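Participant: Before we start, here is the structure in question, set down as structure tokens.
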Amino acid sequence: MLRIGMLTSGGDCQALNAAMRGVVKGLCSRRDDVEIYGFQEGYKGLIYSNFKMLTSRDFSGILTVGGTILGTSRQPFKLMRVPDEDGLDKVEAMKHTYHKLNLNCLVVLGGNGTHKTAHMLSEEGLNVITLPKTIDNDLWGTEMTFGFQSAVDIATDTIDRIHTTATSHSRVFIVEVMGHKVGWVTLHAGVAGGADIVLLPEIPYDIDVIADAINRRKAAGKKFTIIAVAEGAISKADAKLSKKELKKKKEKEKYPSVAYELAEKVQKKTDQEVRITVPGHTQRGGSPCAYDRVLSTRLGAAAAEAILDGEFGCMIGVKKNEMVRVPLSEVAGKLKYVDPKAPIIKEAELTGISFGI
């Protein structure tokens, strides 16, 4: 009997169900003695032994379904070795659940924090295989994560719709895109949507440069400007502050988000009306795009192959459009940032996009 545990952890995104479906179909195509234990609400289900038995039938018809049939939750890695309110050792509890069910492997779908915990469990002796889930596309060791392209499509659609109303008004339109630490979604959506200014966490901006770009467009007879800004974008002035100083500054100013801070400064420096759009969690929701359906299915099938090969302690990633097995020790705790000197940045600048520098 092949007993597989499965959980989805962290923020949800498109194609989680499609990826799990790929794993189960890949296993069941080769063996008819597979048992699936689905842990509910991420690592919380593993900690408190909250699971349900699933069959291959439970994974039929979910290729196009958003969200996750198992539910998810955020369990910060830094708190994993801190006992809960009842004094429960979370790591020992997870190991106990794994061994109690006599699992052969635990399949974990998640992002950066999820992979830190997965690596820890692997070092504790559990057989673990992970799949790269995040709209941010910021996981080290893979060129692409599932959920990313769907989020880009939604953010791009938002910018497209802003364009149609922007042509009727002499205003500055700010679209705030998800991405606290990395700007991949904003970068791709900004280029795809024809944004005039793109602001990323990796490239601190100068508000005067942004104002100059807007004023130049106005002088050239272009009535509007569209700014795509990552929620983690930061000014050059703020980038020079320590974490403590920056936190104190933000507490004092109390802007709802970066878009509102930017809007106030832009309006003062350009004397133009500014409007804000925040698509928010719509970027995580709905049916996965065709690209993500294909990618997640391939990743799931490759995970099934790794399980059948008995190779654990790895993440299934993508390199040069091939599925690869990347040791969790190389993935955990590392982020894949946008390189300010990357070709895509230079090419975007050639088309007239300003990055505020």
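The values are calculated or read from the model by the stated rules, or taken from the named source; none is laboratory data. A quick note: this is a predicted structure, and the numbers were derived from the prediction, not measured. For neighbour counting, all protein chains shown are included, and Cβ atoms are generated from backbone atoms with ideal geometry for every residue, glycine included. To get the accessible areas, we keep the full protein, side chains included, count just its heavy atoms, and leave off ligands, DNA and RNA. Shrake-Rupley method; radii C 1.70, N 1.55, O 1.52, S 1.80 Å.
Participant: Taking region 306-323 on its own, how many of its residues are under 24 Å from C28 (Cβ atoms) and touching a residue at least 12 places away in the same chain (Cβ under 8 Å)?
Facilitator: Residues that pass the stated criteria total 12.
Participant: Select from region 228-260 the residues that are closer than 17 Å to I174 by Cβ and in contact with a Phe, Trp or Tyr (Cβ under 7 Å, 6 or more places away or on another chain) and list them in ascending order.
Facilitator: Listed by number, the residues that qualify are A233, S235.
Participant: Here is a further query. Residue by residue through region 265-299, note down the ones that are open to solvent by 80 Å² or more (accessible area, probe 1.4 Å) and of a type in the set (D, E).
Facilitator: Passing the criteria: D271, E273.
Participant: Quick check, is E305 surrounded by fewer than 21 Cβ atoms within 10 Å (Cβ to Cβ) and either among the β-branched types (V, I, T) or farther than 20 Å from R21 by Cα (or both)? Steps first, please.
Facilitator: Values: surrounded by fewer than 21 Cβ atoms within 10 Å (Cβ to Cβ): yes; either among the β-branched types (V, I, T) or farther than 20 Å from R21 by Cα (or both): no.
No.
Participant: While we're here: Could you figure out which of (1) touching a residue at least 60 places away in the same chain (Cβ under 8 Å); (2) on the phi > 0 side of the Ramachandran plot isn't true of G179?
Facilitator: Result: G179 passes all but (1).
Participant: In addition: For a quick check of your reading: which helices (runs of 4 or more DSSP H) sit entirely within region 125-240 and have at least 1 residues that are in contact with a Gly (Cβ under 9 Å, 6 or more places away or on another chain) and within 20 Å of E264 (Cα to Cα)? Working first, answer last.
Facilitator: Numbers: elements: 148-166, 184-193, 207-219, 236-239.
It comes to 148-166, 207-219, 236-239.
Participant: Please work out if T117 is open to solvent by less than 10 Å² (accessible area, probe 1.4 Å), touching a residue at least 60 places away in the same chain (Cβ under 8 Å), part of a helix (DSSP H, G or I) and among the polar types (S, T, N, Q). Explain how you work it out, then say what you get.
Facilitator: Details: open to solvent by less than 10 Å² (accessible area, probe 1.4 Å): yes; touching a residue at least 60 places away in the same chain (Cβ under 8 Å): yes; part of a helix (DSSP H, G or I): yes; among the polar types (S, T, N, Q): yes.
Considered against the rule, which asks whether it is open to solvent by less than 10 Å² (accessible area, probe 1.4 Å), touching a residue at least 60 places away in the same chain (Cβ under 8 Å), part of a helix (DSSP H, G or I) and among the polar types (S, T, N, Q), T117 comes out as yes.
Participant: Here are some conditions: (1) more than 20 Å from the chain's Cα centre (by Cα); (2) open to solvent by 20 Å² or more (accessible area, probe 1.4 Å); (3) over 21 Å from V191 (Cβ atoms); (4) touching a residue at least 60 places away in the same chain (Cβ under 8 Å). G333 meets all but one. Which one does it not meet?
Facilitator: G333 satisfies all of (1) more than 20 Å from the chain's Cα centre (by Cα); (2) open to solvent by 20 Å² or more (accessible area, probe 1.4 Å); (3) over 21 Å from V191 (Cβ atoms); (4) touching a residue at least 60 places away in the same chain (Cβ under 8 Å) except (1).
Participant: Checking E35 against (1) over 30 Å from I154 (Cβ atoms); (2) acidic (D, E); (3) assigned to a loop (DSSP other than H, G, I, E, B); (4) at pLDDT 95 or above, which single condition isn't satisfied?
Facilitator: Answer for E35: the failing condition is (3).
Participant: Give me the pairs, please: first residue somewhere in region 74-102 and farther than 12 Å from K44 by Cβ and part of a loop (DSSP other than H, G, I, E, B), second residue anywhere and open to solvent by 50 Å² or more (accessible area, probe 1.4 Å) and of a type in the set (D, E, K, R), beta-carbon distance under 7 Å, and either six or more positions apart or on two chains.
Facilitator: From region 74-102, the pairs are P83/D89; L101/R3; N102/R3.
Participant: Let me ask something additional. So if I check each of A211, A259, which one is in contact with a strand residue (DSSP E or B) (Cβ under 7 Å, 6 or more places away or on another chain), more than 20 Å from V338 (Cα to Cα) and at pLDDT 95 or above? Steps first, answer last, please.
Facilitator: Details: A211 fails: in contact with a strand residue (DSSP E or B) (Cβ under 7 Å, 6 or more places away or on another chain).
Checking each option against the conditions leaves just A259.
Participant: If you don't mind, another one. Quick one: how many residues across region 38-59 are among the β-branched types (V, I, T) and either over 20 Å from S73 (Cβ atoms) or in a strand (DSSP E or B) (or both)?
Facilitator: First, the residues of region 38-59 that are among the β-branched types (V, I, T): 47, 55.
From what is left, the residues that are either over 20 Å from S73 (Cβ atoms) or in a strand (DSSP E or B) (or both) are 55.
The total comes to 1.
Participant: Mind checking which residues of region 322-357 are outside any helix (DSSP H, G or I), of a type in the set (D, E, K, R) and more than 30 Å from T117 (Cβ to Cβ)? Walk me through how you get there before you give the answer.
Facilitator: Quick first cut of region 322-357, residues outside any helix (DSSP H, G or I) only: 322-327, 332-342, 351-357.
This time we only want the ones that are of a type in the set (D, E, K, R), so: 322, 325, 334, 336, 339, 341.
Passing the criteria: only K341.
Participant: Just one of L295, L308 is out of contact with any strand residue (DSSP E or B) (no Cβ under 7 Å at 6 or more places or on another chain) and in a helix (DSSP H, G or I); which is it?
Facilitator: When all the criteria are applied, what remains is L308.
Participant: Please state which one of A228, A259, A233, A211 is farther than 19 Å from T186 by Cα and either open to solvent by less than 30 Å² (accessible area, probe 1.4 Å) or in contact (Cβ under 8 Å) with a residue 24 or more places away in the chain (or both).
Facilitator: That would be A211, the only listed residue that is farther than 19 Å from T186 by Cα and either open to solvent by less than 30 Å² (accessible area, probe 1.4 Å) or in contact (Cβ under 8 Å) with a residue 24 or more places away in the chain (or both).
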